[in-house]
Amino acid sequence: MSEPVTSSAICCWCRQSLVQVDGIWWCPTDACRTRQRSHALGRQVGLGRGKGTKWQWLYVPTPKQVEFDACPAKYVLYGGAAGPGKSHAARWALYRRCLRQSGYEALILRETFPELEKTHLRRMAGEAELIGARFIESKRLMEFPNKSLIECGHMDDAAAVKKYLSTEYHCIVPDEGSQFDPRPLLELSTRARRISPDGTEKGKFWVVSNPGGPSSSMLLDFFIDHMPDWDQYPSKLREKYDPEQWVYIPGTLDDNPYLDPDYESSLALLAPWRYDQLRHGDWRVFAGQFFGTFNERRHVRDLGPLGDDVRWFRAMDWGYNKPGCWGFYAILPDGRLYKRSDRKFAGESVQTNAAKLREKSEELGIKRFTYNVADPSTFIKTGNVGQKEAKFIGQSIAATFGMNGVTLTRGENDRYNGWQRLHDLLRDAPDGDPWIIFHPSCKYTIRTMATAKSDDKDPDDVDTDSDDHALDETRYAAMSRPHPLGKAKTRRHYPAGTMGALRHETASQSLRLGTESTRAAVA
């Protein structure tokens, strides 16, 4: 037996460095090593005539790969960064199930046939003999003596996709699933619904992927944020969606001790956004990202209770057939904006909307709002079409809000200056913290800030085909306040020892504590 070699890779359970023994990387802790062994595959091999046999390990998963294999959830997203061995782990997890259960049927998919051929098909042809299976290249199929099988496919043509959607499997593995079209990918998940032959598992849907494709945003919503955009799916989804069954297992370069040490250096040649995707597994960055400076680790935090001298206001982007959004903002003593909460809505009358707005305000414990800035379109009345000069009749949405106890102020709808103001708010103030902070409960706003794309024809504007309602509402809020730099110069100063100075210090201390705790969590 060779001497153990220590790796920079860390066990995700006990945080010990992995060690290599006879070419296999193990955790040095007995309990962790036992868990690795329980998901490994090996065989007895002969040493020659009269020399007996020895045990040969064919596959020993790393601790993070065991986390993936053992996850009890139906839907699992495994990956993030490039290089943690996610495709290899998925394939061998299927081998283990097929060898131990008669009649187990699985499907591995890539987006195109060339991708499938360069990855799984090549490797499965060589691995079949090791595990006692037969690989039929013409059928892209691995058969096991106990009637289990693993089918390989791609999404290149409609006929192939239709075939997969007409069959049920015990497990479906879309490899590099972020590259798939979101709709077929979600529809595929409905075909992983057969209970395993031994009765221990319901159908499995394993997405192994790096970020950076058409389905990245959907995977982020379902698996990581646990906040699907309900408006895009049937109403039943809200009732049936169980976050505990949609699990994200992040994989990093540091999980894989088998990786070439120079692999990380090769990623330095990529564009910054692609580097963050493949090195750090960041699902919130992508090409054409409109708010490139938005960083959830810096811009999102809970500032805790605020002082009595904080002023509050609300902002609204109206929507009925399309969604609308309300935002609840605090103006901090140092001029910062703090978005405490948001409320997405659709299909509500003004009366219902105003009532729910009051309920939300009471829930947040906010008793008084200085003003309510709103979508300028809410001030437009109905016009008589066909007359030379349209006469505006009826009652505007803003007026109806006023009759229901919510007085609206017309928002500024200059998109270019509005987006620039929001960019400025996302930048750091002189003390090193951003001019705008979002409470973690602002999930709708945070998601749309992170996924907003530039318009293809106008990079200085947001792509209006995207879900931009929270962005518009935040833009109205930003434009309702003085520019942050101007506010910093005219910021009110309180004499030392006064109640105002004490409240200002309390708010500043709350911001500092939130920053320190966030930085500690990141570290």
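The values are calculated or read from the model by the stated rules, or taken from the named source; none is laboratory data. What you are looking at is a predicted structure, and each value in this text was computed from that prediction instead of being measured. Every residue, glycine as well, gets a Cβ built from its backbone with ideal geometry; the counts of neighbours run over all protein chains shown.
If I ask for residues that are within 36 Å of the chain's Cα centre (by Cα) and either among the β-branched types (Val, Ile, Thr) or within 19 Å of Lys356 (Cα to Cα) (or both), which ones from the stretch 399-442 would you list?
First pass over the stretch 399-442, keeping only residues within 36 Å of the chain's Cα centre (by Cα): 401, 406, 408-442.
Once the filter is applied, which keeps residues that are within 36 Å of the chain's Cα centre (by Cα) and either among the β-branched types (Val, Ile, Thr) or within 19 Å of Lys356 (Cα to Cα) (or both), the stretch 399-442 yields Phe401, Val406, Leu408, Thr409, Ile436, Ile437, Ser441, Cys442.
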- With the first residue restricted to the stretch 258-276 and required to be farther than 27 Å from Glu296 by Cβ, and the second required to be among the basic types (Lys, Arg), Cβ contacts under 7 Å at 6 or more apart or on different chains are none
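Quick one: in the stretch 219-244, of everything that is part of a loop (DSSP other than H, G, I, E, B) and closer than 20 Å to Ile172 by Cβ, which residue is modelled with the lowest pLDDT? Steps first, answer last, please.
From the stretch 219-244, those part of a loop (DSSP other than H, G, I, E, B) are 225-229, 233-235, 241-242; that's our starting set.
Keeping just the survivors that are closer than 20 Å to Ile172 by Cβ gives 228, 233, 241-242.
Numbers: Pro228: 88, Tyr233: 79, Tyr241: 93, Asp242: 95.
Among those residues, the one meeting the criterion is Tyr233.
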- Query: What is the residue count in the stretch 281-324 for residues that are over 29 Å from Asn353 (Cβ atoms), surrounded by 19 or more Cβ atoms within 10 Å (Cβ to Cβ) and aliphatic (A, V, I, L, M)?
  - Reply: 1
- Please indicate, with yes or no, whether at least one residue in the stretch 89-101 is at pLDDT below 95, aliphatic (A, V, I, L, M), in contact with a Leu (Cβ under 8 Å, 6 or more places away or on another chain) and in the same structural domain as Trp246 (by TED's automatic domain parsing). no
- Contact list, first residue from the stretch 9-30 and more than 10 Å from Thr62 (Cα to Cα), second anywhere and basic (Lys, Arg) and not in a loop (DSSP other than H, G, I, E, B), beta-carbon distance below 9 Å, six or more apart or interchain, is Trp13/Arg35
- Item | Selected residue [modelled with pLDDT under 85, in a helix (DSSP H, G or I), of a type in the set (D, E, K, R) and surrounded by 12 or more Cβ atoms within 10 Å (Cβ to Cβ)] from Glu473, Glu516, Glu505 | Glu505
- Task: Answer yes if at least one residue in the stretch 335-346 is surrounded by fewer than 18 Cβ atoms within 10 Å (Cβ to Cβ) and more than 29 Å from the chain's Cα centre (by Cα), and no otherwise.
- Result: no
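Would you point out which residue out of Ser87, Ser102 is of a type outside the set (Val, Ile, Thr), in a loop (DSSP other than H, G, I, E, B) and out of contact with any Cys (no Cβ under 9 Å at 6 or more places or on another chain)? Working first, answer last.
Details: Ser87 fails: in a loop (DSSP other than H, G, I, E, B).
When all the criteria are applied, what remains is Ser102.
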- Look through Ser216, Ser265 and report the one residue that is small (Gly, Ala, Ser) and surrounded by fewer than 15 Cβ atoms within 10 Å (Cβ to Cβ). Ser265
- Item | Single condition Ala159 does not satisfy, out of (1) loosely packed, with under 13 Cβ neighbours inside 10 Å; (2) at pLDDT 95 or above | (2)
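Looking only at the stretch 41-62, which residues are without any contact (Cβ under 8 Å) to a residue 40 or more places away in the chain and either in a strand (DSSP E or B) or under 20 Å from Leu99 (Cα atoms) (or both)?
Within the stretch 41-62, Gly42, Gln44, Val45, Gly46, Thr53, Lys54, Trp55, Gln56, Trp57, Tyr59, Val60, Pro61 qualify.
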- Query: Given the conditions (1) more than 27 Å from Trp435 (Cα to Cα); (2) modelled with pLDDT of 95 or more, which single one is not true for Ala315?
  - Reply: (1)
- Task: Return a yes/no flag: does the stretch 448-456 have any residue that is over 18 Å from His469 (Cβ atoms) and either outside the structural domain of Glu359 (by TED's automatic domain parsing) or over 22 Å from the mean Cα position of the chain (by Cα) (or both).
- Result: yes
- Condition set surrounded by 15 or more Cβ atoms within 10 Å (Cβ to Cβ) and under 17 Å from Tyr104 (Cβ atoms), scope the stretch 121-140, selection nearest to the chain's Cα centre (by Cα): answer is Met124
